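Let me begin by presenting the structure, written as structure tokens, before commenting on it.
The values are calculated or read from the model by the stated rules, or taken from the named source; none is laboratory data. Remember, predicted model here, so these are calculated numbers, not experimental data. Glycine also receives a Cβ, built like all others from the backbone with ideal geometry; neighbour counts cover every protein chain displayed. Surface accessibility is based on the protein's heavy atoms, side chains included, excluding ligands, DNA and RNA. Shrake-Rupley method; radii C 1.70, N 1.55, O 1.52, S 1.80 Å.
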Amino acid sequence: MGTDTVRTEPAGEAAGRRREQRGWYFYDWACSVYSTSVLTVFLGPYLTSVAESAADPEGFVHPLGVPVRAGAFFAYSVSLSVVVAVLVMPLAGAAADRTGRKKPLLGAAAYTGAAATTGMFFLDGDRYLLGGALLVIANAAQSVAMMLCNSYLPQIAAPEERDAVSSRGWAFGYAAGAVVLVANLVLYTAHDSFGLSESAAVRVCLASAGLWWGAFALVPLRRLRDRPGAAPRAALPGRRQLAATLRDMRRHPLTLAFLLAYLIYNDGIQTVISQASVYGSEELGLGQSTLIVAVLLVQVLAVAGALALGRLARRYGAKRTILGSLVAWTLTLVAGYFLPAGAPGWFFVLAAGIGLVLGGSQALSRSLFSHLVPPGKEAEYFAAYEMSDRGMSWLGPLLFGLTYQLTGSYRDAIISLVAFFVIGFLLLARVPVRRAIRDAGNPAPERI
């Protein structure tokens, strides 16, 4: 916090802001279990098995009469959820900024996602269409809710606080993911002793993530408060609202420059996360239990990594710390290229490296972007940020797949992702963030 803020801010106001921050952390705690237990571990294989049980003799299912390979149904459902989120986020963001009623929108999105996730308990037999619909609803709702939650950051944290506040939020999320995943894995691996079939155990794990999400979402919804909206603006249809947001962002080219850099290096991050298990199983010959332990290790160390990089940002500034994390990502990929096959110990070392830089690079990117958002347009701009985070991460998987197709080597595929971190580093290094903050109409912290 800047010294001027320290001298003039009333004690009651500071206490209220701290209370909001503590509530804000709990939204990460609430929703991160969905990403970890549902999307990363359980839903993909389970929904695929449900679709396969409903498939015709050629291995196809026919949602709305369209032939789809059962093995691709989960991936297509995820893609459809991204399309829905991209259409809804600009509308929700503009409505939140225009009306100032951000909290009811956050609550609606959070409980829509939590209800859909809890409903996955009923995903059995050949109900693949139910599973696909619930996945689309839950995934899109999570994107919208996370966008609204992120847009609170400039309002609840002074400029000097944001790196630390954002890092604590990510740490809360990874800690919750680890806690629930451990409980889920105990239930799953010992399902017989609990009197459950393997399918029933998976459905309980899926539903428990939704119940957790809904229960802990109450904390931020009680503690966060609405603020007056911006000047009244006419509501626009989805595509026109997205176009209007992008036109407005063109008035802040340095904010766009940061968003481009983030889009590229985050694409690399998301691809490493999604393809690491494929690399471990197909190239290194590691079993499912090893991969699950590696996911847990990433979750646990991401807590420490987010907090540690937050402290580094206070000393060296967020931009330098993010640049350092991109160097660490590059070195981690190079090390992964040389990992010996059939050596789980070295794979755990790689997972530890990913965990230590994962939370911090994401948390500091969020806090740095919060400085570049014009006042009164927080939700609208964070909608664009969230679309970069969730909706645009397709180049990395494409490069990974093409490299493997051309070379037949997962090692070549994994090392090809270095390009995203190198290009992202170069683009971010060229952004004059202090000037970008001033151009957005915000005060710059002492270190940025």
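The lysines whose alpha-carbon is closer than 20 Å to the alpha-carbon of LYS377, local same-chain residues fewer than 8 away aside, are LYS102, LYS103. Structural size metrics of the stretch 279-405, computed from C-alpha coordinates, are Rg and Dmax of 16.9, 53 Å. The mean sequence separation of alpha-carbon pairs under 8 Å and at least six residues apart, normalised by the residue count of the stretch 315-448, gives a relative contact order of 41 percent. Amide H contacts of LEU224: none lie under 5 Å away among residues 5 or more positions distant or on a separate chain (H built 1.01 Å from N in the peptide plane; Pro and chain starts excluded). For the stretch 1-143, the share of accessible area belonging to carbon and sulfur comes to 66 percent (1.4 Å probe, ligands and nucleic acids excluded).
Say we join alpha carbon atoms closer than 10 Å with springs in a Gaussian network model of the chain; which of GLY169, GLY268, GLY59 then has the biggest fluctuation? Judging by the Gaussian network model, the answer is GLY59. Listed values for the stretch 124-130 are Karplus-derived 3J(HN,Hα) couplings in whole Hz (6.51 cos²θ - 1.76 cosθ + 1.60, θ = phi - 60°), namely 9, x, 10, 7, 5, 5, 4, and x replaces Gly and Pro. What shape does the stretch 1-157 take by its C-alpha gyration tensor, where a ≥ b ≥ c are the square roots of the eigenvalues and a/c under 1.5 counts as rounded, a/b above b/c as prolate, and the rest as oblate? Prolate, since a/c reaches 1.5 and a/b exceeds b/c.
Largest GNM mean-square fluctuation among SER361, SER193, SER370, using the chain with Cα springs under 10 Å: SER193. Relative contact order for the stretch 1-148: 26 percent, from Cα pairs under 8 Å spaced at least 6 residues apart, divided by residue count. Selection among LEU87, THR117, SER37 by position relative to the dipole of the chain gives LEU87 as farthest towards the positive end (Cβ unit charges, Cα centre). In this rough spin-label picture, where each label sits 7 Å from Cα along the Cβ direction, the VAL422-VAL66 distance is 3.7 nm. Quick one: among GLU380, GLU160, GLU282, which has the greatest mean-square fluctuation in a GNM of the chain with alpha-carbon springs under 10 angstrom? Of GLU380, GLU160, GLU282, the most mobile in the Gaussian network model is GLU282. Rolling a 1.4 angstrom probe over the protein heavy atoms with all chains in place gives the chain an accessible area of 42 Å² per residue. The gain in end-to-end length when the THR99 to SER49 segment is fully stretched comes to 13.6 nm, 0.36 nm per residue minus the alpha carbon separation. Here the stretch 99-129 is scanned for amide nitrogen atoms under 16 Å from the site 7 Å beyond the Cα of ASP248 along Cα-to-Cβ, giving 99-102. Relative contact order, whole percent, for the chain stands at 25, derived from Cα pairs under 8 Å and 6 or more residues apart.
Modelled label positions at ALA133 and GLU58, each set 7 Å beyond Cα in the direction of Cβ, lie 2.6 nm from each other.
The long axis of helix 344-371 is offset from the longest Cα principal axis of the chain by roughly 30 degrees.
From the helices alone, meaning DSSP H stretches of at least four residues, give me the mean residue ellipticity at 222 nm for the chain, per-run term -39500 (n - 2.57), in deg cm²/dmol to the nearest 500.
On the way: 20 runs with 327 residues, N = 448.
Roughly -24500 deg cm²/dmol at 222 nm, from the helical runs in the chain.
In degrees from 0 to 90, rounded to the nearest 10, what is the angle of the helix 418-429 Cα long axis to the longest principal axis of the chain? The two axes meet at around 10 degrees.
Please report the carbon-and-sulfur percent of the accessible area for the stretch 266-386; probe 1.4 Å, protein heavy atoms only, DNA, RNA and ligands left out. The nonpolar share, carbon plus sulfur, comes to 67 percent.
Spacing of the modelled spin labels on SER199 and ARG435, each 7 Å from Cα toward Cβ, amounts to 6.3 nm. Taking the square roots of 5 times each eigenvalue of the Cα gyration tensor of the stretch 330-448, largest first, gives ellipsoid semi-axes of 34, 17, 13 Å.
Let me know the shape class of the stretch 114-218, please: from the alpha-carbon gyration tensor, a ≥ b ≥ c as square roots of the eigenvalues, rounded when a/c is under 1.5, otherwise prolate if a/b is greater than b/c, or oblate.
Details: a/c = 3.80, a/b = 1.78, b/c = 2.14.
Note, shape of the stretch 114-218 comes out oblate.
Counting only alpha carbon atoms, the long axis of helix 102-118 and the longest principal axis of the chain meet at about 10°.
Scale the Cα Rg of the stretch 6-78 by the rule-of-thumb value 2.2 N^0.38 Å and send over the ratio, two decimals. Could you put the intermediate results ahead of the total?
On the way: Rg = 22.8 Å, N = 73, 2.2 N^0.38 = 11.2 Å.
So the Cα radius of gyration is 2.03 times the expected 2.2 N^0.38 Å.
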